[in-house]
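Input: a single structure, listed below in structure tokens.
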Amino acid sequence: MKRIALIITLSFVTFLFAKNQTVCHPPQNVQAQIVYNGAQITWDYYLPDTAISYNDNSPGGIWTYAKNSAPGIVFDLSTYPGAVLEQIDFAHYSNHKWAGPSLYNLRIYDMDSLKTIAVFDSLTAGDSETEPRFEVGIELGSIPVRDSIKVGIFIEGLSYSTDGSKTLSFPAMMTDNSTYVRGVNYILGDVNDPWLESDPDYTNFYESNLIEAGATNFVLDLWINLGNGKQLVNAAAEPDTFRVFRGATEEDLVKIGEVVNGEHSFVDTEAPGDSTYVYAVSASCAQGASGQVPVTYTHPMIYSVGAARVDANQDYIPDLLNKKIYVKGIVNSPNFDARSDYFIQGGNGGMRLSNSNFNLGLNVGDSVFVQGVVQQINGVTGIVPEMADAVLVFSEGGSVDTLTLTMTDISEEYEGMLVSIEDASILNPDLWPAEGYYSTQVQVSDASDTLNLLIDQDTDLDGITPPEGSFRLVGIVDQIAYGAPADWGYYIRPRFMKDLGGLTSIGDRLETTPGDFELNQNYPNPFNPTTAISYQLSAVSDVQLTVYNMLGQKVQTLVNGQQAAGQHSVHFNASGLASGIYYYTLRAGSNTITRKMVLLR
């Protein structure tokens, strides 16, 4: 092979790199988003299935070379039929103080047919002022190798500095300290004439040991895909852990967490609210860590319900009116509407959660994370989500705090919260609404004051025989205020029959039942055409669960047989039935509970 005059400087410099190290690739697609308990950082991690490497990945020597020349490696792919070229990694020394930003061209050749496969122009290598640097995961664009057996990959430096009469190009490619592999490491003498067209018997590719007797192997790895599930050739390609960083900028990142490989997310529970900053993720392998992959993120303020409804100037208008915010709270009521009309509380405050366009299907005790707009709904501070998936249930079955008050205490401060009042009594039970009648208010009294009680037709309270004498009243503080300021019309809205001193049935079958015997409100309600009914048994019982229409006629028997103590659930399919109100009755031994449900087509 013909030799040409090249300006080559080869020096061996000792760096603190472990022997047999392999390149640790960084994660991909790093993203950050708000979640109920902070900011969630997510990322991907994937590699081509096979790496081919002729070096030990321990940079030791530095090659600087002349303008328009390029060092590289010729890869023998004879044992990899159908290979697809995916990525390369290479090590370099590219001091920006010498030559400025280290620009380079990546050149790929078919060494058998003497053709250029691809040229990637003006890529940028990172600065490595004090120690070698790996450029990892450089994408080749999935180049299929059809007839080639040998493929050459070369790095042409485009940044220059002068050393006396010499012009040296950068990035300066690194070699290792291992035994030289012949027929692999080459110098391309002239990138403008790789095949030496003036003399077809020669090329401009020269094996590096012909130029420097002490040459070692260039630190350049090729990643390929074979499509047959072949295992990785070099070990340690997968990281041990991923490290997560946060900082005001990319220059002051501080590690805030670490997760094992296999987990590709981390939640920053101490994310500063109402702030913009940078997250970054790096992969940590046995030989060290990859580069940090950053993402800029703005974390909004997350409000408790109490903070979201604050009215600092006490003008009965929430300070955040018409603002889109994030709120966390716990559902303290069932749905009071055919679509969505709930109450939530938390942080010493309550508010309405409402949208008439969709049914959220929430249950009392659900902890929710809501993105919505603060509104006033008939005088009540509320949050209105724009779509159903703007409400996230992040835990279920929680307990709801109940404040014990007197009727005199009821005011704006307790709006939307669940309260209890001792020794309540109904003053006008004759006004109690009949089954299916409009929502109606009746008066109740305690030892200190009187107050209105709203009997909502969307609950199971209309049509029952109201309690006699004094009882413990539980309900939501609500109001209807159409004027300004919204400082009048407060009342109590009970949710279930058990809110009226423990009542648990309807009509003339009102009974008090053991605490462990319970029939829950069907979900969803209203429904079309299926709904789930759950219940709890206190002991092994002969159970009947039956559905009736408004005339008391049996529609369907859902359960008829012995069941064990504990929780049970069954689905009711109302296909073929007309829209309207239906009842479902649970009988277990001497216990009976009936609830109503609405089929809405």
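None of the figures in this text is laboratory data; all of them are computed from the coordinates on show. Note that the structure is a prediction, hence the values are computed from the model and not measured. Glycine also receives a Cβ, built like all others from the backbone with ideal geometry; neighbour counts cover every protein chain displayed.
Relative intensity of the chain on a log10 scale, I(q)/I(0) at q = 0.11, 0.12 Å⁻¹, equals -0.97, -1.10, per a Debye sum over C-alpha point scatterers of equal strength in the absence of solvent. Hey, if you drop one equal point scatterer on each alpha-carbon of region 403-499 and run the Debye formula without solvent, what base-10 log of I(q)/I(0) do you get at q = 0.10, 0.14, 0.20 Å⁻¹? Debye output, listed in q order: -0.24, -0.47, -0.97.
Taken about its Cα centre, the chain carries a charge dipole of about 1080 debye when Lys and Arg each add +1 at the Cβ and Asp and Glu each add -1 at the Cβ.
Peptide packing for 588-597, 391-400, 532-541 was compared via the average number of neighbouring C-beta atoms within 10 Å per residue; ordered from the highest value, the list is 588-597, 532-541, 391-400. Cα centroids of region 328-359 and region 48-111: 61 Å apart. Near V260, within a Cβ-to-Cβ distance under 14 Å, what is the net charge of the other residues, with Lys and Arg +1 and Asp and Glu -1? My count for the surroundings of V260 gives -3.
Computed from the C-beta positions of L210 and V181 and an R0 of 22 Å, the FRET efficiency is 0.95 to the nearest 0.05. Note on region 513-599: Rg/Rh from Cα positions, Kirkwood definition for Rh, rounded to two decimals, is 0.96. Taking a Cβ cut-off of under 12 Å around D446, the surrounding Lys, Arg, Asp and Glu residues balance to a net charge of -3, with basic ones at +1 and acidic ones at -1.
Report the local net charge at V559: Lys and Arg +1, Asp and Glu -1, summed over other residues whose C-beta lies under 11 Å from its C-beta.
0
Rounded to the nearest 20, the size of the Cβ-charge dipole of region 252-317 about its Cα centre is 160 debye, with Lys and Arg at +1 and Asp and Glu at -1. Remark: H25, H264 ranked as H264, H25, counting other beta-carbon atoms within 10 Å and listing the fewest first.
Convex hull volume of the Cα atoms of region 116-206, normalised per residue: 172 Å³. The residues S165, S128, when put in order of fewest to most other Cβ atoms within 10 Å, stand as S165, S128.
Only helical runs count toward this figure. For the chain, summing -39,500 (n - 2.57) over DSSP H runs of n ≥ 4 and dividing by all residues gives -500 deg cm²/dmol at 222 nm. Determine the alpha carbon to alpha carbon distance for each of K328/K498; K498/K596; K328/K596 and list only those over 21 Å. Those over the limit are K328/K498; K328/K596.
Take every pair of alpha-carbon atoms less than 8 Å apart whose residues are at least six positions apart; their mean separation over the length of the chain yields a relative contact order of 10 percent. From most to least packed by mean Cβ count within 10 Å, the peptides 480-490, 208-218, 64-74 give 64-74, 208-218, 480-490. The label point for S275 and the one for Q553, both projected 7 Å from the Cα toward the Cβ, are 6.7 nm apart.
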